[in-house]
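All remarks here apply to the structure that follows.
The values are calculated or read from the model by the stated rules, or taken from the named source; none is laboratory data. Since the structure is predicted, the reported quantities are computational estimates derived from the model, not experimental observations. Here Cβ is always computed from backbone atoms with ideal geometry, including for glycine, and neighbour counts include all displayed protein chains. To get the accessible areas, we keep the full protein, side chains included, count just its heavy atoms, and leave off ligands, DNA and RNA. Shrake-Rupley method; radii C 1.70, N 1.55, O 1.52, S 1.80 Å.
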Amino acid sequence: MSAQVGSQRQFYNALKKYYSWYTGGFLAFIVVLAILEQLGLSRAWIGYIFLFATIALYAGIGIMSRTAEVAEYYVAGRRVPAIFNGMATGSDWMSAASFIGMAGGLYLQGFDGLAFIMGWTGGYCLVAFLLAPYLRKFGQFTIPDFLGARYGGNLARAFGIIIAISVSFVYVVAQIYGVGLITSRFTGLAFDVGVFVGLAGILVCSFLGGMRAVTWTQVAQYIILIIAYLIPVAWLGVKHAGFPVPQLVYGHLLQKVTELEQKLTNDPKEQEVRKIFADRAANLRKQVAELPASWEQGRADLARKLEELKAANAPVAEINAAQKALDTYPKSPDEARKAWTTQATAAAARSSPPMPHATPFPSLNPDPVKNEQERNTKRLNFLTLVFCLMLGTAALPHILMRYYTTPSVNEARKSVFWSLFFIFLLYFSAPALAVMVKYEVYGFVVGSKFSELPAWVAGWSKVDPRLLTITDVNKDGIVQLAEITLGQDIIVLATPEIAGLPYVISGLVAAGGLAAALSTADGLLLTIANALSHDLYYKMINPNASTQKRVTISKILLLIVAVLAAWTAQQAPADILFLVSAAFSLAAAGFFVPLVAGVFWKRATKWGAIAAMIGGSVVTWYYMITTQPWLRSVFGITGPVSDYMWFGISPISAGIFGLPVALVLMIVVSLLTPAPDERTQDFVEHVRYPNLKGEKFSTLAT
C-alpha cells in the first residue's frame, strides 16, 4: 500500500514539473509571436501559427498517450490526481458554450444571462453531493454501466445508451460548430472546410489513446483556454477600469453602460432607425395576413421590374440584383409565411430600445399589465433554466465519467472541488467581460462613420452574416445601435479586435476557444464511442470480445460518429448556447432521476427507471421540437409557436417538463412493481457509503 502511495506521489510530482514547463513555454510562445507581429508578421500567419501549433501540441500528447489497454483507454488507468482531474474536468466542461457563448449571452441578455452561471455552477454542487463519490465507488467505465448494474440487466443499460448518445451528440454538434467557426475566421478557410480541419484536431487525441490521451490533452487545453480568456479581460480592465482585475471593480463601468443605454434610448437618430424597423415588421405581418395574394403580387412585381430593366438596357449590376431578388423570393406561400414571420420577428426586436443590462427581468412594454406579464414570464424562464442546468450538469455522462479516473473515492471528492475552482476562474470573469465589451460597442463603435469601420466588421461578416451585420438603414453614414446585429457567439472571439488589441491576442483567444471546443468534443465523442463499444457491443452483444477488439471497435465508432457530427454541424443554426442547453435538458430529464434514485432509494426498480428515462426524454424532445424555430422547420411544424408553448417556457428549458414526469413515473412504477432483490439492495448500500472497504458486490458491475 505504501509503495502504491509513493508511486502515486512520484507520478503527481512529475506531472507538476511537466505542466509547469509547458505553461512557461506557452507564455514564451505568446511573447515571441507578439514581437514578430511588431516586426511585420502578417495576421494570416499569426492565425495559422496559433491554429496549427496548438493542434500539433495536442496531437503530440495524443500520440505519446496512445494505448490499447482497456483500463487506460476507458478510465486513464484510474490514476489521475485530483487537481489534474479538476483541470481536465474544467476543460471538458468549459465547452464552446462557456468560452465562446457565455460572455455573449450576458452581453445580449444582461441580468437574465446569469442563469447560465448560476445553473452550471450550482450543478457541480449536486455532482459533489449526489453522484461523483458514489459512481467512483461503483468503479466501472460508463453511466450505462451503472444503470445496468443497479437496475439489473441490459434493458436499463440499453435505454441508458440511447440517452447518453442523444445528449452527447447534441452537445458535440455545438462543439464542432464552434471549431468550424474559429478555424474559418482565423485561417480564411470556408466554414464547411474549417469544420473538418478542426475535426482532425479532435480525432488525433481521442482516437489514439482514449481517456488517457484525452485527459492529459485536456489539462494542456485548460491552461491555454484560461490564459486566453484572462489576458483580454485583464487588458480591457486596464484600458477601461485602470485595474488588471476588473472582476472586482467593473461596477462603475456598468453604471456608464446604464447611462449610455438611456442616452441611446432617447437619441433621435436611434429612434428614426427603430421606426424603420417597426414599419418593416408591420408591413411583413400585413403580407403574412394577406397570403397567398401578397405572395403572388410580390412575385409578379419582381418579374415585371426585371423585364422593365432588361427592356431599358439598365446597368448589368441592376439587372443582376433584380434577378437575384426574384431567384431568392419564397417559392411558395408556405415558404413565404415562414420567411416573413421570421423577418417580422427580427425587425420587431430591432425596433425596441436597448434592454437595460443591470435590470432583473426587464420589459420595455409601455402597457403596465403587459409589462408585468412579460417580467413574470422572464422570471419564470430564469428560474426554470437555472433548475434545468443544475440537474443537467449533475447528469451529463461525459462529466460523470471523469470521476471514474481518480485513484480513490476521496480523490474524486477533491476533484469536484478543484473542478469548481478552475471553472470559477472563467465564470467570475465572464460578467465583467460582457460589460466591458458592451461599453466598448456602445461608447466607441456606435456613433462612428461607416466609412471608418474597422476591418474586423468585414472579416466577421464574411464568416457568417448571422453573427454580425452592420447596415446603414437610415443612410446617414453613421452607425446607430439598432443598425448592429451581433450574434452572441462572436463576442469573445471578436473582443480583441473590437478593443483594438494586438492581433496576437486575437490569435490567442481563438486558440483558447479552439481548446475549449476540442476538449469537450473529445470527451463527448469518447462517451458516445464507449457507450456503443463497451455497453452495447461488449456487454450486450459479444461478452467474449478480446481487449484489442473492444478498443478497435471503439476507435472505428468514434471516427464514424465524429464525421456524422461534423456533417450535422454544417446544417446547424448559429446558436451554440441553445444546442448545449438542449443537451442539459435532455440529460436532466433522462438521467438525473434514475441515477440519484439508484444511489439513494433501494426501492427503485428496473421498470421504474426505464419508465422515467423514456417518459422524461420523450416529453423533453416533444417540447423542444414543437417550440424551437430551427427544429420546427426541420420537422415541418407550422402555426404560431405560442400554440405549442406551456406557461411561456422557452425551449431551452424543456427539461422542466420532462423532469417531473420522470420523477412521478419512477415513484409510481417502482411502487407498482416487485422490489429489487436483496443482493441489489446490498449493492446500493455498498455504493452509498463510499468509504467502506471491500469489493463484495463488484460482480454486479460485470
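Descriptive notes on the structure:
- The set of residues in the stretch 91-122 being in contact with a Gly (Cβ under 9 Å, 6 or more places away or on another chain) and open to solvent by 10 Å² or more (accessible area, probe 1.4 Å) consists of Tyr107, Leu108, Asp112.
- Inclusion of Ala321 among residues that are crowded, with 21+ Cβ neighbours inside 10 Å, over 30 Å from Thr620 (Cβ atoms) and of a type in the set (Gly, Ala, Ser) is not warranted.
Every residue, every condition in (1) modelled with pLDDT of 80 or more; (2) assigned to a helix (DSSP H, G or I); (3) open to solvent by 30 Å² or more (accessible area, probe 1.4 Å); (4) out of contact with any Gly (no Cβ under 6 Å at 6 or more places or on another chain), yes or no:
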site: Phe444; (1), (2), (3), (4): yes, yes, yes, yes
site: Ser451; (1), (2), (3), (4): yes, yes, yes, yes
site: Lys462; (1), (2), (3), (4): no, yes, yes, yes
site: Thr469; (1), (2), (3), (4): yes, no, yes, yes
site: Asn474; (1), (2), (3), (4): yes, no, no, yes
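- Scope the stretch 610-657; condition more than 20 Å from Arg379 (Cα to Cα) and of a type in the set (Gly, Ala, Ser); matching residues: Ala611, Ala612, Gly615, Gly616, Ser617, Ser633, Gly636, Gly639
- Qualifying residue in the stretch 33-42 (condition: in contact (Cβ under 8 Å) with a residue 60 or more places away in the chain and either under 19 Å from the mean Cα position of the chain (by Cα) or assigned to a loop (DSSP other than H, G, I, E, B) (or both)): no
- For the stretch 540-554, a residue qualifies if it is surrounded by fewer than 21 Cβ atoms within 10 Å (Cβ to Cβ), of a type outside the set (A, V, I, L, M) and part of a helix (DSSP H, G or I), and the qualifying residues are Thr547, Gln548, Lys549, Arg550, Thr552.
- The residues on offer are Leu248, Leu208, Leu236, Leu203, and the sole one that is of a type outside the set (Gly, Ala, Ser), surrounded by fewer than 23 Cβ atoms within 10 Å (Cβ to Cβ) and either farther than 30 Å from Leu524 by Cα or at pLDDT 90 or above (or both) is Leu248.
- Scanning the stretch 344-380 for residues that are closer than 23 Å to Thr265 by Cα, part of a helix (DSSP H, G or I) and of a type outside the set (Lys, Arg) gives Ala344, Thr345, Ala346, Ala347, Ala348, Ala349, Pro368, Val369, Asn371, Glu372, Gln373, Glu374.
- Test: residue in the stretch 408-423 that is under 23 Å from the mean Cα position of the chain (by Cα), open to solvent by 40 Å² or more (accessible area, probe 1.4 Å) and more than 22 Å from Ala103 (Cβ to Cβ): yes
- Residue satisfying all of: in the stretch 1-27; out of contact with any helix residue (DSSP H, G or I) (no Cβ under 9 Å at 6 or more places or on another chain), of a type in the set (A, V, I, L, M) and open to solvent by 50 Å² or more (accessible area, probe 1.4 Å); nearest to Ile224 (Cα to Cα) among these: Val5
- Here the condition is being of a type in the set (Gly, Ala, Ser), open to solvent by 30 Å² or more (accessible area, probe 1.4 Å) and free of Cβ contacts under 8 Å to residues at least 60 places away in the same chain; of Ala494, Ala458, it holds for Ala458 alone.
- Residues of the stretch 279-294 that are assigned to a helix (DSSP H, G or I) and either among the acidic types (Asp, Glu) or open to solvent by 40 Å² or more (accessible area, probe 1.4 Å) (or both): Asp279, Arg280, Ala282, Asn283, Arg285, Lys286, Gln287, Ala289, Ala293.
- Here Val634 qualifies as open to solvent by 70 Å² or more (accessible area, probe 1.4 Å), farther than 15 Å from Pro594 by Cβ and either in a loop (DSSP other than H, G, I, E, B) or among the β-branched types (Val, Ile, Thr) (or both).
- When Met401, Met390 are checked against the criterion of being within 24 Å of the chain's Cα centre (by Cα) and modelled with pLDDT of 85 or more, a single residue qualifies: Met390.
- Remark: Gly180 matches the filter, which requires a residue to be assigned to a helix (DSSP H, G or I), on the phi < 0 side of the Ramachandran plot, modelled with pLDDT of 75 or more and buried (at least 24 other Cβ atoms within 10 Å of the Cβ).
- Residues of the stretch 599-609 that turn out to be open to solvent by 10 Å² or more (accessible area, probe 1.4 Å) and closer than 20 Å to Ala158 by Cβ, as a count: 2
- Qualifying residues in the stretch 295-313 (those that are assigned to a helix (DSSP H, G or I) and among the aliphatic types (A, V, I, L, M)) - the one least open to solvent (accessible area, probe 1.4 Å): Leu306
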